[in-house]
Amino acid sequence: MTDDADDDVAAEADDEWLARLREMRDEKNEFLASDPQSPLDPALRDDFDGLEYFEPDPAYRVRATVEVHDDPESVELTVRNGTAERFHRVATLSFTLPAAGGGEVEESLAALRAEGSAALFLPFRDKTTGQQTYDGGRYMDLHPDGDLGGIDEVTLDFNLAYTPFCAFADAFACPLPPTDNWLEVAVPAGERDPALE
């Protein structure tokens, strides 16, 4: 395959990714505006015109190596209302992100799993937290196919980072990211602070 053909394939994949990302954002806004399970106060829904997002950026869609923990440590995350929720630290995901001054920086996130769940929960803070994004941090979810032990790499798309429901309503209890999931760089991707009034 020629370089031009490789570029065409990559551009097509980027176009598909961007179209799907925009579709997911539209679906999220529709859910918040009209679904009975929406965390938005009903009084705010008529005037709700969508969440604020960072511009889609493929630089924040990265490959991460997966280090599975054979004997997952049990961790308790503090919840915004003062209680705690128990998770298992089942893996560590290592990756690189763009650095503010150029180049890249190595980072990692603990991948957590709630009892009885197949999904991986990735709560995190970064240098946008409390400024451009919600002060309680943001979340990502991964749904790996098959046994985690058979997976060497996964794609982490920070463009899918979302704000926990407790940012929209006090009735929701949201686990806060553990300190080992505090990233040392800004991640200008995904949902911005909803700043609801």
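Brief remarks on what is shown
- Only residues that are open to solvent by less than 20 Å² (accessible area, probe 1.4 Å) and touching an Asp or Glu at 6+ places or on another chain (Cβ under 7 Å) were counted across the range 144-193, and they come to 8.
- The lone exception for residue 134 - which of (1) touching a residue at least 60 places away in the same chain (Cβ under 8 Å); (2) surrounded by fewer than 16 Cβ atoms within 10 Å (Cβ to Cβ) it fails: (2)
- Hits in the range 106-129 (condition: exposed (fewer than 14 other Cβ atoms within 10 Å of the Cβ) and either β-branched (Val, Ile, Thr) or not in a loop (DSSP other than H, G, I, E, B) (or both)): 106
Okay, residues lined up against (1) out of contact with any Leu (no Cβ under 8 Å at 6 or more places or on another chain); (2) at pLDDT below 95; (3) under 18 Å from residue 172 (Cβ atoms):
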{"position": "55", "(1), (2), (3)": "yes, no, no"}
{"position": "68", "(1), (2), (3)": "no, yes, no"}
{"position": "77", "(1), (2), (3)": "no, yes, yes"}
{"position": "80", "(1), (2), (3)": "no, yes, yes"}
{"position": "93", "(1), (2), (3)": "no, no, no"}
{"position": "100", "(1), (2), (3)": "yes, yes, no"}
{"position": "106", "(1), (2), (3)": "yes, no, no"}
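- Number of positions in the range 47-96 that are more than 21 Å from the chain's Cα centre (by Cα) and either surrounded by fewer than 14 Cβ atoms within 10 Å (Cβ to Cβ) or touching a residue at least 60 places away in the same chain (Cβ under 8 Å) (or both): 9
- The range 11-35, subset of a type in the set (Gly, Ala, Ser) and loosely packed, with under 12 Cβ neighbours inside 10 Å, residue modelled with the highest pLDDT: 19
- For the range 36-51, residues that are assigned to a loop (DSSP other than H, G, I, E, B) and either of a type in the set (A, V, I, L, M, F, W, C) or modelled with pLDDT of 95 or more (or both) total 3.
The values are calculated or read from the model by the stated rules, or taken from the named source; none is laboratory data. The model shown is predicted, which means the values in this text are computed figures rather than measured ones. Quick reminder, even Gly has a Cβ in these numbers, built from the backbone with ideal geometry, and neighbours come from all protein chains shown. Each accessible area value is taken on the protein alone, full model and side chains, heavy atoms only, with ligands, DNA and RNA left out. Shrake-Rupley method; radii C 1.70, N 1.55, O 1.52, S 1.80 Å.
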